[in-house]
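**Student:** Before we start, here is the structure in question, set down as structure tokens.
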Amino acid sequence: MKDKKILYILITILTLSGNVYAEEAIDASDPTRVYTYAGAGIKYTDYTNDETMIEMRAIGNIGLSPNDMLLFEVGYGWHDGDRVEGGNSDMTNGRLRWFHLFEMDYSITSGYRGWATQVDLQIAGAMKGTDGQNVLSVGALPAFGINESWSFFLPMNVVNSWDKEFANYNGIGLNISPLLVYTPHWWSGSYVQIWPGYTYFVSGELKKEGSGNLDLTTGGTITDTVWWALTYQKNFDVNLMSFRRGAETGLKNDQNIFLNFTTYF
């Protein structure tokens, strides 16, 4: 009888825990949340010399623990314009990122919530316009609440850049990318991210050069576990995706738009 009571209590606890987990809302607007998900989408890129590219991108994120996750991303594109070599379709740039979350208090509406750190490797692709630099960033991400609708994040990174296949080291830079997140009630799961970022290089081939972008993202839910997002990006100054020492093509990623769908597990 005693064993049956213990078994009943354990089943009850597990059932309640499962219900709490199931009812916990996903927050795709917050870059510090640890999730496991997979997604794909289509991206259109407009270059400054009137060339364009359409690209399919796939993304996966594995929650390794309550505080760690590993992200990987890859793309395949079709380029409309002249190719230096090869065909007009090929693999585009990839990404691998490890993210660690330190103590974070999401219940804080206004004030400092906590911080995270990351190691982020952007890998040059084979397609023209994406075959420039391998970029390794290491940094921290403090998080703040402003009010019930607004949050603020301040990623800061040390950036190192190499030519494709790590052929030449082109310098070290400092990056700051302040992120504002707004969560209105326009539609189910609606959010808006305003995310500018700029890297200024202090050494090497890229010394005194800068590379920046402005990302504007909105998104929402299709179901409890399926989300959509639409991102517009405008790029400024040196384009690290196309810059390569001694092989400058003049091709620069001016702006792009990316529509993607993500399933959370």
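**Student:** Test PRO155 against the criterion of being more than 30 Å from ASN88 (Cβ to Cβ), touching a residue at least 12 places away in the same chain (Cβ under 8 Å) and surrounded by 16 or more Cβ atoms within 10 Å (Cβ to Cβ), and give yes or no.
**Tutor:** So PRO155 fits the description; yes.
**Student:** Restricting region 88-114 to residues that are exposed (fewer than 14 other Cβ atoms within 10 Å of the Cβ) and without any contact (Cβ under 8 Å) to a residue 24 or more places away in the chain, which is farthest from ALA247 (Cα to Cα)?
**Tutor:** Restricting to residues being exposed (fewer than 14 other Cβ atoms within 10 Å of the Cβ) and without any contact (Cβ under 8 Å) to a residue 24 or more places away in the chain, the top hit is SER107.
**Student:** With the condition being touching a residue at least 40 places away in the same chain (Cβ under 8 Å), within 24 Å of ASN170 (Cβ to Cβ) and out of contact with any helix residue (DSSP H, G or I) (no Cβ under 8 Å at 6 or more places or on another chain), I'd like the strands (runs of 3 or more DSSP E) fully within region 193-265 carrying at least 3 qualifying residues.
**Tutor:** Filter on region 193-265 gives 253-264.
**Student:** Of all residues in region 139-152, how many are open to solvent by 30 Å² or more (accessible area, probe 1.4 Å) and touching a strand residue (DSSP E or B) at 6+ places or on another chain (Cβ under 9 Å)?
**Tutor:** Looking only at that region, the number is 6.
**Student:** Same structure, new question: Within region 219-265, which residues are among the β-branched types (Val, Ile, Thr), under 15 Å from the mean Cα position of the chain (by Cα) and either at pLDDT below 95 or open to solvent by 40 Å² or more (accessible area, probe 1.4 Å) (or both)?
**Tutor:** Result: ILE257, single match.
**Student:** Please note which strands (runs of 3 or more DSSP E) are completely contained in region 113-190 and include at least 1 residues that are among the aliphatic types (A, V, I, L, M).
**Tutor:** Passing ranges, in order: 133-145, 156-163, 169-176, 179-182.
The values are calculated or read from the model by the stated rules, or taken from the named source; none is laboratory data. Everything numeric in this text was worked out from a predicted model, so none of it was measured. Positions of Cβ are backbone-derived with ideal geometry, glycine not excepted, and every protein chain shown enters the neighbour counts. What goes into the accessible areas is simple: the full protein's heavy atoms, side chains included, and nothing from ligands, DNA or RNA. Shrake-Rupley method; radii C 1.70, N 1.55, O 1.52, S 1.80 Å.
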